[in-house]
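The structure appears right after this line, and notes come after that.
The values are calculated or read from the model by the stated rules, or taken from the named source; none is laboratory data. None of the values given here were measured: they were computed from a predicted structure. We place every Cβ from the backbone using ideal geometry, glycine too, and count neighbours over all the protein chains shown. Side chains are part of the model used for accessible areas, which takes the heavy atoms of the whole protein and leaves out ligands, DNA and RNA. Shrake-Rupley method; radii C 1.70, N 1.55, O 1.52, S 1.80 Å.
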Amino acid sequence: MRGAIMNPDEMKKRTKEFAKRVINLCRKLPQTEEARLVRNQLFRAGTSVGSNYRAACRGRSKADFISKLGIVLEEADESLSWMEIIVETNIMKADLLTSLMEEANELIAIFVCSPYTAKG
């Protein structure tokens, strides 16, 4: 769906898939103390993208929706940050995260623009 405008239901599915992919990545991280600490942070941020997007869709007003989208953007960006740390500290090889990091970047781009689109 790259380049296409997505409706809220499609975006809910996409952000849920992102969360599931983050969970699967977390399961593959090594069983070291440093990986455990990063895993917990990535798991929290990555799974909250979809749940916070769903909450935004239930916003009581346009302003509430826009505010909650800001949280979605922060969590997507934090997820990407933790994935970068995983790669840059050699916890896991970059090629195992490339696709998920690309999806995080795409979601960030979408949510950066979404408040402007919502304001009309």
**Asked** Solvent-accessible area per residue for the chain at a 1.4 Å probe radius, Å²?
**Response** 60
**Prompt:** Applying 1/(1 + (r/R0)^6) with R0 = 22 Å to the Cβ-Cβ distance of R60 and K12, what FRET efficiency is obtained, to the nearest 0.05?
**Reply:** 0.75
**Complete:** In Å, the Kirkwood hydrodynamic radius from C-alpha pairs for the chain sits at 14.6
**Request:** Once you have the Kirkwood Rh of segment 14-80 from its Cα pairs, apply Stokes-Einstein at 37 °C and 0.692 mPa s and quote D in µm²/s.
**Result:** 265
**Fill in**
Whole-number value, in Å³ per residue, for the convex hull of the alpha carbons of segment 65-107 is 49
**Prompt:** So, with a 1.4 angstrom probe, what is the percent of accessible area on segment 67-117 that is carbon and sulfur?
**Reply:** 56
**Item:** Computed helical MRE - 222 nm, the chain, DSSP H runs ≥ 4 contributing -39500 (n - 2.57), nearest 500
**Value:** -28000 deg cm²/dmol
**Request:** With θ set to phi - 60°, apply the Karplus curve 6.51 cos²θ - 1.76 cosθ + 1.60 along segment 61-75 and write out the HN-Hα couplings as whole Hz, x wherever there is a Gly or Pro.
**Result:** 8, 4, 5, 5, 4, 5, 4, 5, 5, x, 5, 4, 4, 4, 5
**Request:** Using packing as a proxy for protection, rank 58-67, 98-107, 45-54 so that the peptide with the highest average count of other Cβ atoms within 10 Å comes first.
**Result:** 45-54, 98-107, 58-67
**Prompt:** How much accessible surface area, in Å² rounded to 10, belongs to the heavy atoms of E75 with a 1.4 Å probe?
**Reply:** 30
**Complete:** With +1 at each Lys and Arg Cβ and -1 at each Asp and Glu Cβ, the charge dipole magnitude of the chain around its Cα centre, to the nearest 20 debye, comes out at 640
**Request:** Compute the label zone of K28 within segment 86-105: residues whose backbone N is under 12 Å from the point 7 Å along Cα-to-Cβ.
**Result:** 92-101
